[in-house]
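Take a look at the structure set out below.
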Ligand SMILES: [Zn+2]
């Protein structure tokens, strides 16, 4: 049998016996037999004597400083739930949800008047700033982050840019305040 540089394995394939190697990532010990948990290539670490499988498709992992684009699904006093559809500009099929911090932000209202920086249904681009307690904490406190697309609350047509913090509806003249991303209202929408 010819030795391949890095053998491709299927789930359940025998990789080694546990006397030779320790089960590493994406492997399991099946009563003394180390087998692959996923499709990928075999990697042996001669220092730790670990055998592992590098998955053919890297699992998507969100990291601090990544940016995501998603849709606001609900707004509370100091936070909003965001369903994430794009991770660093690439579509993700994982069911990620993040918690967008709204504290300290306003939609541009003057003085003590509270305005909503985002509304349910808005498409927002956010920065991941923490993964504390397994929650994806998001922020839009950067010029490039914020609402990238929103619909008019009165007539449902897409809003256009009015000013730095205002989006206006050409259809019905309605003006809404948001924390807008720098490129809000440009088409096509960049995820
Ligand atoms: Zn309108």
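Quick notes
- Where strands (runs of 3 or more DSSP E) sit wholly within the range 138-191, those with at least 3 residues that are under 21 Å from the mean Cα position of the chain (by Cα), within 17 Å of residue 118 (Cβ to Cβ) and touching a residue at least 12 places away in the same chain (Cβ under 8 Å) occupy 146-149.
- Cβ-Cβ contacts under 9 Å between residues 6 or more apart (or on different chains), taken from a first residue in the range 42-64 that is at positive phi to a second residue that is loosely packed, with under 15 Cβ neighbours inside 10 Å and modelled with pLDDT of 90 or more, are listed as 49/20.
- Residue list for the range 150-165, filter: farther than 18 Å from residue 125 by Cα and either in contact with a helix residue (DSSP H, G or I) (Cβ under 7 Å, 6 or more places away or on another chain) or within 13 Å of the ligand (Cβ to nearest atom) (or both): 152, 153, 154, 155, 156, 157, 162
- Every residue from the range 115-137 that is away from the ligand (no atom under 16 Å from the Cβ) and over 14 Å from the mean Cα position of the chain (by Cα): 115, 116, 117, 118, 120, 132, 133
Rundown of residues vs (1) exposed (fewer than 15 other Cβ atoms within 10 Å of the Cβ); (2) within 14 Å of the ligand (Cβ to nearest atom), yes/no style:
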{"position": "148", "(1), (2)": "no, no"}
{"position": "167", "(1), (2)": "no, yes"}
{"position": "170", "(1), (2)": "yes, yes"}
{"position": "176", "(1), (2)": "no, yes"}
{"position": "183", "(1), (2)": "no, no"}
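- For residue 109: the one exception among (1) at pLDDT 95 or above; (2) more than 16 Å from the ligand (Cβ to nearest atom): (1)
- Filter pass, residue 104 being at positive phi, in a loop (DSSP other than H, G, I, E, B), at pLDDT below 95 and exposed (fewer than 13 other Cβ atoms within 10 Å of the Cβ): yes
The values are calculated or read from the model by the stated rules, or taken from the named source; none is laboratory data. None of the values given here were measured: they were computed from a predicted structure. Virtual Cβ from ideal backbone geometry, glycine too; neighbours counted across all protein chains shown.
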